[in-house]
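Okay, structure first, notes after.
The values are calculated or read from the model by the stated rules, or taken from the named source; none is laboratory data. In this text the structure is predicted, and so the values were computed from the model without any measurement. A quick note on method: Cβ atoms are made from the backbone with ideal geometry, for glycine too, and the neighbour counts reach across all protein chains shown.
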Amino acid sequence: MAPTIESVYLGNGGLSEGNNKRSNRFVKATWKNNLTALVVDNVELCRVLERENLRAYGVETVAVETGEAAVELVASGSTFNLIFIDIYLPTMSGPEAVRQIRAMGVRSKIIGLTAIITEKDEQDFFAAGIDEFYEKPLDPDWFVPIIREVDNQI
Amino acid sequence: MDRNRLARQVALQKQSLFDQGYIDQQFIQVEELQDVSSPNFVEEIVTSYYQDTSRLIVNIEQALERRPLDFDQLDRYIYQLNGRSTSFGARKVIAEGALFREYCEAENAEGCKTTFQQLKTEYATLKRKLEAYFQLARQARLAETASRPM
């Protein structure tokens, strides 16, 4: 079944978290599989952009604000091919959320995100179980090859 | 002003923002996310940015008044600001933020204060320039819509 193409309806100003209004949005890439992604970022501005970038490249994407919400979602049985997660999240940090997700046996590709990479953050995040670590914003130059790799592995 | 001239003006203004280093390629990428259902997406991202970061700017200002300076706190604030600034390629703001972080790391109070003044200038200038750009872009879109056959 072809992936649902969704668009963000922005209404009368202000960002929307997306209310699933279908549109004829042009999708920049199609994949062999129906790919899904989870975005975890407590900054709405960044979260919306990350989600929309992935959707623009044909990846059905859900976005949540906290590490706890991400862990809950995965624990409830939701599965994602890709998880993009910010290192600095309120209460439960990005690394802690990743540790808990990996402890559930999740083998999704997990990409850590940060505004500025530091050596310590890199070490902490990789130790927690991410596969890749990038500075924001999402850039097709690096995230499209990751999506392609995941698509080819399924 | 006719629609072609407006469209040219929009393109020129955007190019000027690039050439002067106010924005980078990320701005184009965000523009590419605009479509019929969200024609003002970039403007809404930028509006959200300024709403979101205005409090951060105040927090940094207040933090710079404290004695002694809490450089870790300042670093956290500027990290947050830079994270948001990368969302649409606010290049000069990001650059000043990076410099500010270096001064925080070196625990250089004067460097932090001077750089922050420059950052605020770039932040305000960018806002002004983008407001003018978006106003022109809206006029161009209206002219384009008005010129379409019924």
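Quick one: is A:Asp151 touching a Lys or Arg at 6+ places or on another chain (Cβ under 8 Å) and more than 26 Å from B:Gly89 (Cβ to Cβ)?
For A:Asp151, the condition - touching a Lys or Arg at 6+ places or on another chain (Cβ under 8 Å) and more than 26 Å from B:Gly89 (Cβ to Cβ) - is met.
Suppose we filter A:Thr61, A:Thr36 for residues that are surrounded by fewer than 21 Cβ atoms within 10 Å (Cβ to Cβ) and either among the β-branched types (Val, Ile, Thr) or modelled with pLDDT of 95 or more (or both); which single one remains? After ruling out the rest, the residue left standing is A:Thr36. Total residues in region A:84-99 satisfying the condition of being surrounded by fewer than 21 Cβ atoms within 10 Å (Cβ to Cβ) and within 12 Å of chain B (Cβ to nearest Cβ): the figure is 2. Among all positions in region B:27-47, there is no residue which is modelled with pLDDT of 95 or more and part of a loop (DSSP other than H, G, I, E, B).
Could you check region A:109-129 and list, in sequence order, the residues that are touching a residue at least 40 places away in the same chain (Cβ under 8 Å) and away from chain B (no Cβ under 14 Å)?
A:Lys109
Please find, among B:Gln73, B:Gln25, the residue that is surrounded by fewer than 17 Cβ atoms within 10 Å (Cβ to Cβ) and touching a helix residue (DSSP H, G or I) at 6+ places or on another chain (Cβ under 6 Å).
B:Gln73
Within this structure, B:Thr53 fails the test of being assigned to a helix (DSSP H, G or I) and either out of contact with any Leu (no Cβ under 7 Å at 6 or more places or on another chain) or over 28 Å from B:Lys14 (Cβ atoms) (or both).
Out of everything in region B:44-102 that is under 18 Å from B:Gln25 (Cβ atoms) and among the aromatic types (Phe, Trp, Tyr), what residue ends up being farthest from the other protein chains (Cβ to nearest Cβ)? Here the answer is B:Phe88.
Among the residues of region B:104-126, are any charged (D, E, K, R) and under 10 Å from the mean Cα position of the chain (by Cα)? Within region B:104-126, one or more residues are charged (D, E, K, R) and under 10 Å from the mean Cα position of the chain (by Cα). Scan region A:110-154 for residues that are under 26 Å from B:Ile45 (Cα atoms) and among the aromatic types (Phe, Trp, Tyr) and the total you get is 4.
Condition check ((1) in contact (Cβ under 8 Å) with a residue 60 or more places away in the chain; (2) more than 21 Å from A:Leu49 (Cβ to Cβ)) across all residues:
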{"site": "B:Glu43", "(1), (2)": "yes, no"}
{"site": "B:Val58", "(1), (2)": "no, yes"}
{"site": "B:Leu64", "(1), (2)": "no, yes"}
{"site": "B:Gly83", "(1), (2)": "no, no"}
{"site": "B:Thr86", "(1), (2)": "yes, no"}
{"site": "B:Gly97", "(1), (2)": "no, no"}
{"site": "B:Asn108", "(1), (2)": "no, yes"}
{"site": "B:Phe134", "(1), (2)": "yes, no"}
{"site": "B:Arg141", "(1), (2)": "yes, yes"}
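Scanning region A:30-58 for residues that are of a type in the set (S, T, N, Q) and under 15 Å from A:Pro137 (Cβ atoms) gives a single hit, A:Asn53.
Residues in region A:69-123 that are among the basic types (Lys, Arg) and modelled with pLDDT under 95: 1 in all.
Being free of Cβ contacts under 8 Å to residues at least 24 places away in the same chain and surrounded by fewer than 21 Cβ atoms within 10 Å (Cβ to Cβ) is the filter; apply it to region B:45-56 and report the residue that is nearest to the chain's Cα centre (by Cα).
First, the residues of region B:45-56 that are free of Cβ contacts under 8 Å to residues at least 24 places away in the same chain: B:47-48, B:51, B:54-55.
Okay, now just the ones that are also surrounded by fewer than 21 Cβ atoms within 10 Å (Cβ to Cβ), so B:47, B:51, B:54-55.
On the way: B:Thr47: 9, B:Gln51: 11, B:Ser54: 12, B:Arg55: 15 Å.
Of everything passing the filter in region B:45-56, B:Thr47 is nearest to the chain's Cα centre (by Cα).
Collect the residues in region B:95-134 that are at pLDDT below 95 and either outside any helix (DSSP H, G or I) or loosely packed, with under 12 Cβ neighbours inside 10 Å (or both), keeping them in residue-number order. Within region B:95-134, B:Glu105 is the sole residue that qualifies.
Of all the residues that make up region B:68-94, how many are under 26 Å from B:Gln15 (Cβ atoms), part of a helix (DSSP H, G or I) and touching a Ser or Thr at 6+ places or on another chain (Cβ under 9 Å)? So the count comes out to 6. In a residue-by-residue description of region A:63-83, the property of being within 14 Å of chain B (Cβ to nearest Cβ) and either charged (D, E, K, R) or in contact with a His (Cβ under 6 Å, 6 or more places away or on another chain) (or both) applies to at least one position.
The residue list B:Asp75, B:Asp52, B:Asp70 contains one member that is modelled with pLDDT of 95 or more and out of contact with any strand residue (DSSP E or B) (no Cβ under 9 Å at 6 or more places or on another chain), which is B:Asp70.
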